[in-house]
Structures are given as C-alpha cells and as structure tokens.
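K.L.:
Below is a structure I'd like to ask you about.
The values are calculated or read from the model by the stated rules, or taken from the named source; none is laboratory data. Because the structure is predicted, anything quoted here is derived from the model rather than measured. Counting neighbours? That spans all protein chains shown, and the Cβs are built from the backbone with ideal geometry, glycine included. Side chains included, ligands, DNA and RNA excluded: accessible areas come from the protein's heavy atoms. Shrake-Rupley method; radii C 1.70, N 1.55, O 1.52, S 1.80 Å.
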Amino acid sequence: MIESLRRAVEAQPDDVPLRLHLATVLIAAGRTDEAVAACAVALQNDPGNTDARALMVQAMTVPPTGQPAAATQAARPGEEVDWAALDAELDGIAAPMFVDARPSTGPPAPSWGIEHAGVSLADVGGMKQVKDRLEAAFLAPLRNPGLRELYGKRLGGGLLLWGPPGCGKTFLARAVAGEMKARFISVGLTDVLDMYVGSSERNLHELFELARREAPVVLFLDEIDTLGQKRSLSRNSGMRGQVNQLLTELDGVDSANDGVFVLAATNQPWDVDPALRRPGRLDRMLLVLPPDREAREAVFRYHLRHRPVAGIDLGRLAKSTDGYSGADIAHICETASERALLDSVRTGEARLITMADVQRAAAEVRPSTGPWFDSARNTVLFGDDEGTYAELRAYMKRTKRL
C-alpha cells in the first residue's frame, strides 16, 4: 500500500493532499521518520497548510512503533487484501491511472465570462454618426424610463454591426455596455458550436438563459455570419438547427428578453440568414467603416500612449492614413516600436520613437480593408435590390471604390 502511494506521489509531486495521505499511512505503520520527511516536502509546496503542520507534530511525538490501520495493513502471506476498503480509503485522494475517474456523460457545458466593459463611448474617438445611431437604438430609451414607457419602447433589442475587419466592432460593443453600465458577455463561434448533435442548440439556450438572469446585459455575438448562416447555403442539418434555435432565443418565446441587448458582428452581412434581420431580432444594421480622421488620431494616441515617443504629429499621421483600419494603425505603431528597439540594440543606447519611425512604418503597412471592399463591390452593384447596402454604396462612391 505504501509503495503504491509512493508511486502515485512520484507521478504527482505537487499534489499536497496525496502526499499528506501518504504521511498518515506512514504514521499508522509506525514509520514516523518517513512521515516527517513527507510532511516537510508538503510544507515546502504549501507553507501555510495546517494539516501538514499537525501531521508533522503527530509524527514527531508518536514513537516509531505501532500497528498499521486495518484498511492500510499489508496482507500477510496467505491472506487476501481488502481491496474494497482500500478503494474507499483512497476515493477522492488518488485518481485512478490510465482510466477516467468518472465516466463522461456527454460534452461538458461551456462557461461564459460575465465582465464589466471598462470603456464607454467617450473612449471611442470620432465616429459621430455611429454614436448617434447607438444613442437612438439603445442609450436614449435606457436613460429616459418615463419617455420609454410613454412611447412603448421595449428595453432591449438587437443590432447588427457590420463592415470591414479590424474597424472596432468589438470595441464598440464593449463601449455600449460601459455606457449602459451593464455587464458584457462576449461569445465567439467556438464557444457555441459543438460536434455533438443538439449540443450547439443547448449551448445557445443556456447562453440566453444566462443573459436573461443577468439583465441588463449586452450579449455580443461575434462571427454571426457563421453562427447564423443562411439556411439556404447550408447542407448540414446541424447548422440549420442552430440557426433555428438562435431565432427562437431572439424571439424570447419562453421568457421575455427585456434588458438583454443583443449586438452581433459580421464582415459578411450578405451571408446572414434573412430571418435574423426580421423586426424584433437583429432588425437594425449599423455600418462600421474605417475610422475617420478624428478617430484615426485617437487610435494613434491610444497605441503610442505608453511608449517612449518624441515629436509625434498625430494630426499629420491621421491625415496620411485615410482608409486604414484601427488594426492597421495598431500594426503601424507596433512596427515603429520594433524599428526603434532594433536600432537601440544595434547602438547599445535606447532612443525614443520618432515621427520618422512611424512614417516609415506607415509606408510599409498597407491598408487591409482593400480586399474586403473588392469582395463587397459585386454585392453592392448587383445584389442590393432592397437598398440594404445603400450606405456602403455611398461611401464607396465617395472614396472612389466604385
């Protein structure tokens, strides 16, 4: 028994409870010196462990004699070992080797983090039109409960943020939660999709149940074009099932969604199932374009604020980076920082990041939004009979992308 416990301890040297159980068995067997050594190692790993201290005192006061406990007593030749007693004694202390301690009954349920956003719309530079739309859709009804009741405005709803990648859709969703002083739940594709039949639907239901319990809350669904893909494009019945479940949860059939503000984001709104954009679901669409000049200046300021810089003209940088996304600007700042760092390594003397470093980095980094606009062009020109993408069409004409 003792040798089995020693092998278990060697396999899991940081398992303090297991090591203390070995010490207890050693004390019962009268091998107090070995028990003291085991307790000492346990205290090295966990100095404040009161059980380890008590066992060490017991081992030092008990004379090195005594009989092993009944369950841990070694079998004499010809006697059988009481394996049931041994299993009962080790249950919850030493995990079985090579097999699962408890058989799995199905896929584990995911856990979603509920957090405080920590930012507000004041932290979003520029983008006045976007802020005005968010104010009308969510913030004004929340701040004016009397008027909300007068005009019959429901506290909740859905909004689809769409546009090229890297332009701050996730940051905007956090800012909305911060402005509302509501909690924030961010859910990605991998948090919901599951290989087991029916598990994705179950995950969606549990997610919305959590949001209803925690209301007011902003529930942010990223990559909604995959999670809520057009059912006509999917040959997978499982994918169609999860879209149906998402529609059901957005409707709030079994319980009201009051206080649940659903924000979804996508780079491909034309791949989202039309039923998701039906009134009462994600019925409002908000185009998030590359940051305007004021926003670009704010993004440069944000990413350079904790770096050693000198002589940086933010206005000039913002003017020269028209069409760059927020992620592109972050990459520019990172590239400029790397340039100054490598130069400091070569010279052996640290130096500040200068305007020249940032300008050279901007010349190297090309806007990442170009391919997205190229792919959106056909939809804007030939697939927009209802005028859904009229705002994007106007922007592309204004920037000479059409």
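K.L.:
Determine the relative contact order of the stretch 289-348: mean sequence separation of Cα pairs under 8 Å and six or more apart, normalised by residue count, in whole percent. List each step's numbers first, then the result.
P.N.:
On the way: 34 pairs, mean separation 27.4, N = 60.
Across the stretch 289-348, relative contact order equals 46 percent.
K.L.:
Most mobile of ALA361, ALA35, ALA211 per a Gaussian network model of the chain (Cα springs, under 10 Å)?
P.N.:
Looking only at ALA361, ALA35, ALA211, the biggest GNM fluctuation is shown by ALA35.
K.L.:
Report the dimensions of the stretch 290-366 along its three principal axes from the alpha-carbon atoms, largest first, rounded to Å.
P.N.:
Principal axes ranked by extent give 39, 21, 16 Å for the Cα atoms.
K.L.:
Helix 2-11: angle to the longest alpha-carbon principal axis of the chain, degrees 0 to 90, nearest 10?
P.N.:
20
K.L.:
At 1.4 Å probe size, with the rest of the protein present, what percent of the exposed accessible area of the stretch 266-354 is carbon and sulfur atoms? Please report the intermediate quantities before stating the final value.
P.N.:
Details: 2340 of 4500 Å².
C and S fraction of accessible area: 52 percent.
K.L.:
Which angle between 0 and 90 degrees, to the nearest 10, do you get for helix 237-251 versus the longest principal axis of the chain when only C-alpha atoms count?
P.N.:
Compared with the principal axis, the helix lies near 70 degrees.
K.L.:
Taking N as the number of residues in the stretch 178-254, what value does Rg over Cα atoms divided by 2.2 N^0.38 Å take? Write out the running numbers ahead of the final one.
P.N.:
Values: Rg = 12.9 Å, N = 77, 2.2 N^0.38 = 11.5 Å.
In units of the globular-protein estimate, the stretch 178-254 measures up at 1.13.
K.L.:
Something else about it: For a quick check: with amide H placed at 1.01 Å from N, whose amide H comes under 5 Å from ASP283's, ignoring anything fewer than 5 positions away on the same chain?
P.N.:
Those qualifying (amide H under 5 Å, at least 5 residues apart or on another chain) are GLY158.
K.L.:
Additional query: Working out 0.36 nm times the residue gap between LEU150 and MET195, then minus their Cα-Cα distance, what length gain in nm do you get to one decimal?
P.N.:
Numbers: separation 45, 0.36 × 45 = 16.20 nm, distance 4.70 nm.
Full extension from LEU150 to MET195 adds 11.5 nm.
K.L.:
Provide, in order from the shortest bin, the percent of all Cα-Cα pairs of the stretch 200-294 in each 10 Å bin, continuing until the bin that contains the maximum pair distance.
P.N.:
15, 48, 28, 7, 1
K.L.:
Still on this structure, please answer the following. Let me make sure I get this right: for the chain, a, b and c are the square roots of the gyration tensor eigenvalues over alpha carbons, sorted descending. Under 1.5 in a/c it's rounded, otherwise prolate if a/b > b/c, else oblate. Which is it?
P.N.:
Details: a/c = 2.81, a/b = 1.77, b/c = 1.59.
Note, shape of the chain comes out prolate.
K.L.:
Please state the relative contact order of the stretch 256-326 as a whole percent: Cα pairs under 8 Å, 6+ residues apart? All intermediate terms of the calculation are to be shown ahead of the outcome.
P.N.:
Values: 31 pairs, mean separation 23.0, N = 71.
Answer for the stretch 256-326 is 32 percent.
K.L.:
Listed here are the pairs LYS128/LYS169; LYS131/LYS181; LYS131/LYS400; which of them are more than 22 Å apart at the Cα?
P.N.:
On the way: LYS128/LYS169 15 Å; LYS131/LYS181 16 Å; LYS131/LYS400 25 Å.
In this structure, LYS131/LYS400 exceed 22 Å between Cα atoms.
K.L.:
Rounded to the nearest whole Å², what accessible area per residue is found for the stretch 297-348 with the 1.4 Å probe? Walk me through the numbers on the way to the answer.
P.N.:
Working: 2870 Å² over 52 residues.
Per-residue value: 55 Å².
K.L.:
For the ranges 305-312, 12-19, what's the packing order if you count other beta-carbon atoms within 10 Å of each residue, average per peptide, and put the highest first? Could the numbers behind the result be given before it?
P.N.:
Values: 305-312: 12.1, 12-19: 16.2.
My ranking of the peptides, most packed first, is 12-19, 305-312.
K.L.:
Now, a different point. Using just the alpha carbons, could you tell me how many Å³ per residue the convex hull of the stretch 264-402 encloses?
P.N.:
On the way: hull volume 17.9 nm³, N = 139.
It is 129 Å³ per residue.
K.L.:
On a C-alpha basis, how far is the centre of the stretch 2-27 from the centre of the stretch 143-165 in Å? Whole number, if you could?
P.N.:
Rounded to whole Å, the Cα centres lie 59 Å apart.
K.L.:
Same structure, new question: Using a Gaussian network model of the chain with C-alpha springs under 10 Å, which one of ARG231, ARG301, ARG277 is most mobile by mean-square fluctuation?
P.N.:
ARG301
K.L.:
While we're on this one: Can you give the accessible area of HIS21, probe radius 1.4 Å, in Å² rounded to 10?
P.N.:
Spelled out: HIS21, probe radius 1.4 Å, area about 20 Å².
K.L.:
Taking only Cα atoms and a 10 Å spring cutoff, compute GNM fluctuations for the chain and point out the largest among VAL365, VAL25, VAL288.
P.N.:
Judging by the Gaussian network model, the answer is VAL25.
K.L.:
Now for a different question. Going 7 Å from the Cα of ARG351 along its beta-carbon direction, which residues of the stretch 308-332 have the amide nitrogen within less than 18 Å of the resulting point?
P.N.:
It comes to 308-313, nothing else.
K.L.:
I've got another one for you. Under the rule of -39500 (n - 2.57) per DSSP H run of 4 or more residues, summed and divided by the residues of the chain, what mean residue ellipticity at 222 nm is obtained, to the nearest 500 deg cm²/dmol? Mind showing how you got there, number by number?
P.N.:
Numbers: 19 runs with 197 residues, N = 402.
When only DSSP H runs of four or more count, the value is -14500 deg cm²/dmol.
K.L.:
Using the alpha-carbon atoms, what tilt in degrees (0 to 90, nearest 10) does helix 370-382 show relative to the longest principal axis of the chain?
P.N.:
For 370-382 against the chain, the angle is about 60 degrees.
K.L.:
Using 0.36 nm times the number of residues separating HIS205 and ASP258, minus their current alpha carbon distance, what extension gain do you get? Intermediate results must be reported in sequence, preceding the final value.
P.N.:
Values: separation 53, 0.36 × 53 = 19.08 nm, distance 1.60 nm.
Stretched fully, the HIS205-ASP258 segment lengthens by 17.5 nm.
K.L.:
Quick check: from the Cα gyration tensor, does the stretch 146-224 come out rounded (a/c under 1.5), prolate or oblate?
P.N.:
Values: a/c = 2.25, a/b = 1.36, b/c = 1.66.
In terms of gyration-tensor shape, oblate.
K.L.:
In whole percent, what relative contact order does the chain give with Cα contacts below 8 Å and a gap of six or more residues? Please report the intermediate quantities before stating the final value.
P.N.:
Numbers: 548 pairs, mean separation 55.3, N = 402.
The normalised contact order for the chain reaches 14 percent.
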